[in-house]
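**Student:** So that we are looking at the same thing, I have put the structure below in structure tokens.
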2 protein chains.
Amino acid sequence: MRYARRIVDMAESPIRKLVPYAQGAKDRGVKVFHVNIGQPDIKTPESIMQAIRNIDMDVLAYGPSEGLASYRNKLPEYYRDRGIQVEPEDILVTTAGSEALLFTIMALCDSGDELIVPEPYYANVNGFAAMAGVKIVPVRTYLEEGFALPEAEAFAQQISERTRGILICNPNNPTGAVYSRRRLEELGELVRKHDLYLIADEVYREFAYDGGKSVSLLELPGLEERAVVTDSISKRYSACGARVGSIVSRNRELLKYILKMAQARLCPPTVEQIAAQAALDLDADYFAGTLAEYERRRDRVVRELQSIPGVTCRKPEGAFYVMARLPVERAEDFAIFMLRDFSYEGKTVMMAPADGFYATPGAGLDEVRIAYVLNEEDMAEVVDLIRRGLEAYRS
Amino acid sequence: MRYARRIVDMAESPIRKLVPYAQGAKDRGVKVFHVNIGQPDIKTPESIMQAIRNIDMDVLAYGPSEGLASYRNKLPEYYRDRGIQVEPEDILVTTAGSEALLFTIMALCDSGDELIVPEPYYANVNGFAAMAGVKIVPVRTYLEEGFALPEAEAFAQQISERTRGILICNPNNPTGAVYSRRRLEELGELVRKHDLYLIADEVYREFAYDGGKSVSLLELPGLEERAVVTDSISKRYSACGARVGSIVSRNRELLKYILKMAQARLCPPTVEQIAAQAALDLDADYFAGTLAEYERRRDRVVRELQSIPGVTCRKPEGAFYVMARLPVERAEDFAIFMLRDFSYEGKTVMMAPADGFYATPGAGLDEVRIAYVLNEEDMAEVVDLIRRGLEAYRS
């Protein structure tokens, strides 16, 4: 049978290949620590679960395609508290950050168009780009430089006739980099000069450590028409299963076009939007507590990782991922080894080999992404297992 | 600013133009009966709402991309009760029927490919086709024939080098037609002969009146690789806001490809899948009661509509829509008149002008779609308002 080329050629999820090995380990009774995906163990705030348990409606009806009015009207308060001035009309509620990215790419690019993306990048962008027939043109960032954004010139060199925009993720998944205001402003200058869009996935906005702050595209002047932010409650409130996100932009013409797609799919889930609205009442203490917890985990993971001979990593400034270079030829082989051939006291680790986060062939082959989404003690055990696994693998 | 052609050119929702007029009527204090969309007033079953209220989890986590195992494993019972033999591996849970349609079209068609669709058809297909760059090639069905499927020859004439499949909706939205087994078998024969797919949106499966039964593509022999069914709980359980649907096909290679897209978007909403699972325990009485209620509404609406001079409609066999030809030149103008210029005892009606359900320019200009989603008394009042509105409009 024949299938669409776009789907046959679509890159598979970087960890998909490892899933049967993880299942095999579990079938043998081995406990597998999952640091391969960004699924936090942090408890979903009680107010969110309570809002779900309090659902009281006769008919679980369609909501508006642009999102429930009560939620959309309240969202600007959340942004205002973070120094971002937006109106309800600048916000379109989506079915999670996934749909926000898909709709944004679809609305800005036709088949054959290009988006420039600093690599390594969030691998699911490959899926959305493939659906839209869009080519991802990578600009390399490096572990040694903390995966900082390169100068605008590196992006300028990749601009072609088909380039429609630059897509970043800040704070970054998978690298944990938090981009400087200056570099963001340079990118803003570049997109203005070349008539492009600047898109930022800012779902990790709250996760900036060491007293730092992540700068939103929506704070930068002069980008009203060109800045598009995709957002999600998944990480912010440890509510990944809720599937509520948003597209935020002051370009209302763009939102009007995106609304056409939103109307075709009718609406985001109603119950979870009500839950997301309840989350807006969480106070600063909630975020301070969560941030402190992740910062502790990061410090511990990085310290332990750096103590392993041959392992290189930098302390990430945000999100909850760390990229590490391992003293192996192919990190994917090692990740499989950890699941298939290794265990210590009945335990092992599932990591994400990093080559799937790069578009450049051969890049990142010896790197892994570790999500510090488990508690500090578990994370310490994870790194100890990696240490022991490396010893076994290299002997 | 420049936007993607696919989105700029995308047909807008057929009722979108009317929304400001409906709002205007409400602002003037006029009560608007909404028979323009398929949002039933039927109470969502208590067991579904109870499942939501009973949600008990520490972390509202990602579910599997293919759907929660417990839900997916139980779904075959639902299909088996309707004479459809499928395994959990034949089912991929989606974020509503919308995503099921989008993923199916994306997986079967590349940009520039064609799908043949009997018109009038579910207008949101235009949105998904536009996102995928797919051309909809219509085959006309007629009010006078109860919008029955034409002979396979009519479809055969539209097959080109770029045709990838035939997409039907059965029972049909917007026409209420329920397709005969014989005609479905003929289509099956045709897709086998021309190496195409046959896709059916079967979300109205339970809604077949007068003791009739809608035949699923999955019941037809010899279509294992070619039949794809898109499904949703929205109409079945009056749970439109839940956003839980599925793609069902015995072509596991196809589902494997669709899973790539599903993995990119991570998962469908978790809470609503748990609710959908609870709905599987609803017994035959629930469906019998709902069916009887809709059948009463249909009988009343059709009888009253047919008593209006100049109005033509046939009694639909399924779903909960009726198409009516009105004695006006442009039904859209009349629909606007009803909202902007007409009210009787402080009430009026919002209908869907039918031309948006046709791809052929100029087709259906004097037709409207009426959704009998309100109770019998309200529906009688709706038709009375249409009668009085027509009198006022034509004088």
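**Student:** To the nearest 500 deg cm²/dmol, what mean residue ellipticity at 222 nm is calculated for the protein assembly as shown from DSSP H runs of n ≥ 4 alone, each contributing -39,500 (n - 2.57), summed and divided by the residues? Intermediate results must be reported in sequence, preceding the final value.
**Tutor:** Details: 26 runs with 296 residues, N = 790.
The helix-only estimate for the protein assembly as shown comes to -11500 deg cm²/dmol at 222 nm.
**Student:** For the protein assembly as shown, how big is Rg over Rh, using alpha carbon atoms and the Kirkwood form of Rh? Walk me through the numbers before you get to the answer.
**Tutor:** Details: Rg = 26.9 Å, Rh = 27.4 Å.
Answer for the protein assembly as shown: 0.98.
**Student:** Using a probe of 1.4 angstrom, how much of the accessible area of chain A is carbon and sulfur, in percent? Don't skip to the end; give the middle numbers.
**Tutor:** Details: 6420 of 13830 Å².
After summing per-atom areas, the C and S share lands at 46 percent.
**Student:** Let me ask you something else. Peptide A:59-68: average number of partner chain Cβ atoms within 10 Å per residue?
**Tutor:** On the way: counts 11, 17, 10, 9, 3, 0, 2, 0, 0, 1.
Shielding by partners across A:59-68 averages 5.
**Student:** Once you sort the root eigenvalues of the Cα gyration tensor of the range B:161-283 as a ≥ b ≥ c, which label holds: rounded (a/c under 1.5), prolate (a/b larger than b/c) or oblate (the other case)?
**Tutor:** Numbers: a/c = 2.19, a/b = 1.19, b/c = 1.84.
Verdict is oblate for the range B:161-283.
**Student:** Among bridges DSSP assigns within chain A, what percent are antiparallel (round to 5)? Could the numbers behind the result be given before it?
**Tutor:** Values: 18 of 40 bridges.
So the antiparallel bridges in chain A amount to around 45 percent.
**Student:** Same structure, new question: List, in the order given, every pair from B:Lys43/B:Lys347; B:Lys135/B:Lys315; A:Lys43/A:Lys256; B:Lys17/B:Lys135 whose Cα-Cα distance in the structure shown is over 27 Å.
**Tutor:** Values: B:Lys43/B:Lys347 24 Å; B:Lys135/B:Lys315 31 Å; A:Lys43/A:Lys256 36 Å; B:Lys17/B:Lys135 23 Å.
Correct reply: B:Lys135/B:Lys315; A:Lys43/A:Lys256.
**Student:** Can you give the accessible area buried between chains B and A, summed over both chains, with a 1.4 Å probe, in Å² to the nearest 100? Spell out each step's value before the answer.
**Tutor:** Numbers: alone 17140 and 17160 Å², together 27670 Å².
In total, chains B and A hide about 6600 Å² from solvent.
**Student:** Going by a ≥ b ≥ c, the root eigenvalues of the Cα gyration tensor, does the range B:307-395 fall in the rounded group (a/c under 1.5), the prolate group (a/b larger than b/c) or the oblate group?
**Tutor:** Details: a/c = 1.65, a/b = 1.13, b/c = 1.47.
Judged from the Cα gyration tensor, the range B:307-395 comes out oblate (a/c at least 1.5, b/c at or above a/b).
**Student:** What does the structure give for A:115-127 when I average, per residue, the other chain Cβ atoms found within 10 Å of the residue Cβ? The partial results should precede the final answer.
**Tutor:** Working: counts 0, 0, 0, 0, 0, 0, 0, 0, 2, 5, 1, 2, 6.
Rounded to a whole number, the mean comes out at 1.
**Student:** For B:Gln157 and B:Lys31, compute 0.36 nm times the residue count separating them, minus their Cα-Cα distance, and round to one decimal in nm.
**Tutor:** On the way: separation 126, 0.36 × 126 = 45.36 nm, distance 4.72 nm.
Gain on stretching B:Gln157 to B:Lys31: 40.6 nm.
**Student:** A further question on this structure: Calculate the dipole size of chain A relative to its Cα centre from +1 charges on Lys and Arg beta carbons and -1 charges on Asp and Glu beta carbons; express the result in debye to the nearest 20.
**Tutor:** On the way: 49 positive and 59 negative charges, 158 e Å.
Roughly 760 debye for chain A.
**Student:** Counting heavy atoms of the protein chains only and a 1.4 Å probe, report the per residue accessible area for the protein assembly as shown as a whole number of Å². Can you show the working numbers first?
**Tutor:** Numbers: 27670 Å² over 790 residues.
Accessible area per residue: 35 Å².
**Student:** Applying 1/(1 + (r/R0)^6) with R0 = 56 Å to the Cβ-Cβ distance of B:Asp285 and A:Ala288, what FRET efficiency is obtained, to the nearest 0.05? Write down the numbers at each step before the final one.
**Tutor:** Numbers: r = 53 Å, r/R0 = 0.94.
Taking R0 as 56 Å, the efficiency between B:Asp285 and A:Ala288 is 0.60.
**Student:** List the residues whose amide H sits under 5 Å from the amide H of A:Tyr372, counting only those 5 or more places along or on another chain, with H placed 1.01 Å from N in the peptide plane.
**Tutor:** It is A:Tyr321, A:Val322, by chain and number.
**Student:** Further question on the same structure: Where the label is 7 Å out from Cα toward Cβ, how close does A:Gly112 come to the same position in every other copy, in nm, shortest first?
**Tutor:** Ordered by distance, the counterparts are at 0.8 nm.
**Student:** Let me ask you something else. How high is the relative contact order of the range B:339-395, given as a whole-number percent (alpha carbon pairs under 8 Å, six or more residues apart)?
**Tutor:** On the way: 43 pairs, mean separation 20.0, N = 57.
Relative contact order for the range B:339-395 comes out at 35 percent.
**Student:** Under the convention of a label 7 Å out along Cα→Cβ, give the distances in nm from B:Lys315 to the same position in every other copy, shortest first.
**Tutor:** Result for B:Lys315, in nm, nearest copy first: 7.9.
**Student:** Please list the helices of chain A that count as membrane-span-like by this rule: a mean Kyte-Doolittle hydropathy of at least 0.5 together with Cα atoms stretching 20 Å or more along the helix axis, each helix being a complete DSSP H run. Walk me through the intermediate numbers first.
**Tutor:** Values: long enough: A:284-306 (32 Å, -1.00); A:376-394 (27 Å, -0.54).
In chain A, no H run is both long and hydrophobic enough.
**Student:** For B:Lys31, which sequence-distant residues (separation of 5 or more, or a different chain) have an amide H within less than 5 Å of its own amide H, given hydrogens modelled in the peptide plane?
**Tutor:** B:Lys347, B:Thr348
**Student:** Putting +1 on Lys and Arg Cβ atoms and -1 on Asp and Glu Cβ atoms, find which of B:Gly310, A:Val30, B:Ala278 reaches farthest to the positive end of the dipole of the protein assembly as shown.
**Tutor:** Value: B:Gly310.
**Student:** Separate question: Other chains near A:104-112: what is the mean number of their Cβ atoms within 10 Å of each residue's Cβ? Show your work: numbers first, answer last.
**Tutor:** On the way: counts 0, 1, 8, 7, 5, 5, 9, 8, 1.
Whole-number average of other-chain Cβ neighbours for A:104-112 is 5.
**Student:** With label points built 7 Å along Cα→Cβ from the Cα atoms of A:Asp9 and A:Arg340, find their separation and express it in nm.
**Tutor:** 3.0 nm
**Student:** I want the local charge near A:Ser307. Using Cβ-Cβ distances under 12 Å, sum +1 for each Lys or Arg and -1 for each Asp or Glu among the other residues. Write out the running numbers ahead of the final one.
**Tutor:** Values: positive: A:Arg300, A:Arg303, A:Arg387; negative: A:Glu304, A:Asp384.
For residues surrounding A:Ser307, the net value is +1.
**Student:** Okay, moving on. Nearest 5 is fine: what % of DSSP beta bridges in the range B:58-279 come out antiparallel, could you say?
**Tutor:** Details: 8 of 26 bridges.
For the range B:58-279, the DSSP antiparallel bridge percentage is about 30.
**Student:** Let me ask something else about it. Sequence-distant or interchain residues sharing an amide H contact under 5 Å with A:Leu149, placed H: which?
**Tutor:** Placed amide hydrogens put A:Ser180 under 5 Å from A:Leu149.
**Student:** Nearest 5 is fine: what % of DSSP beta bridges in the protein assembly as shown come out antiparallel, could you say?
**Tutor:** Working: 36 of 80 bridges.
Percent antiparallel among DSSP bridges in the protein assembly as shown is about 45.
**Student:** Sorted from shortest, what are the nm distances separating the label point of A:Ser395 from equivalent points in the other copies, each placed 7 Å from Cα along Cα to C-beta?
**Tutor:** Its label point is 9.8 nm from the equivalent points in the other copies.
**Student:** Could you give the dipole magnitude of the protein assembly as shown about its Cα centre, charging the beta-carbon of Lys and Arg +1 and that of Asp and Glu -1, in debye to the nearest 20? It would help to have the intermediate numbers written out before the result.
**Tutor:** Working: 98 positive and 118 negative charges, 124 e Å.
The dipole of the protein assembly as shown has a size of about 600 debye.
**Student:** Please compute the alpha carbon radius of gyration of the range A:58-279, then divide it by the globular-protein estimate 2.2 N^0.38 Å. Two decimals is fine. Before the final figure, lay out the partial values.
**Tutor:** Numbers: Rg = 16.6 Å, N = 222, 2.2 N^0.38 = 17.1 Å.
Scaled against compact globular proteins, the figure is 0.97.
**Student:** Quick check for me: using +1 on Lys/Arg Cβ and -1 on Asp/Glu Cβ, what's the dipole size of the range B:58-279 about its Cα centre, in debye to the nearest 20? Present the calculation step by step, with values, prior to reporting the outcome.
**Tutor:** Working: 24 positive and 31 negative charges, 61 e Å.
Value, rounded to 20: 300 debye.
**Student:** Oh, and also: Which aspartates and glutamates, on any chain, are close to A:Lys31 with Cα under 19 Å apart, when same-chain ones fewer than 8 places away are left out?
**Tutor:** A:Asp41, A:Asp341, A:Glu345, A:Glu376, A:Glu377, A:Asp378, A:Glu381, A:Asp384
**Student:** Moving on to the next point. From the residues B:Gly176, B:Pro76, B:Ala264, which one has its Cα farthest along the dipole of chain B in the positive direction, the dipole being from +1 and -1 charges on Cβ of Lys/Arg and Asp/Glu about the Cα centre?
**Tutor:** Sorting the options by dipole projection puts first B:Ala264.
**Student:** Inverting the mean 1/r over all pairs of different Cα atoms, compute the Kirkwood radius of chain B and quote it in Å. Intermediate results must be reported in sequence, preceding the final value.
**Tutor:** On the way: mean 1/r = 0.0460 Å⁻¹.
Here the Kirkwood hydrodynamic radius works out to 21.7 Å.
**Student:** Among A:221-232, A:49-60, how do they line up by average Cβ neighbours within 10 Å per residue, starting with the highest?
**Tutor:** Working: A:221-232: 21.1, A:49-60: 16.1.
By packing density, highest mean first, the sequence is A:221-232, A:49-60.
**Student:** Using a ≥ b ≥ c from the Cα gyration tensor of the range A:1-55 (square roots of the eigenvalues), is it rounded, prolate or oblate, where a/c under 1.5 gives rounded and otherwise the larger of a/b and b/c decides, a/b for prolate?
**Tutor:** Details: a/c = 2.96, a/b = 1.41, b/c = 2.10.
Judged from the Cα gyration tensor, the range A:1-55 comes out oblate (a/c at least 1.5, b/c at or above a/b).
**Student:** In addition: Using only protein heavy atoms and a 1.4 Å probe, report how much of B:Leu18 is accessible, in Å² to the nearest 10.
**Tutor:** We get 0 Å² for B:Leu18.
The values are calculated or read from the model by the stated rules, or taken from the named source; none is laboratory data. Only a predicted model underlies this, so the values are computations on that prediction, with no experimental measurement involved. With ideal geometry, Cβ positions are generated from the backbone for all residues, glycine too; neighbour counts draw on all protein chains shown. Side chains are part of the model used for accessible areas, which takes the heavy atoms of the whole protein and leaves out ligands, DNA and RNA. Shrake-Rupley method; radii C 1.70, N 1.55, O 1.52, S 1.80 Å.
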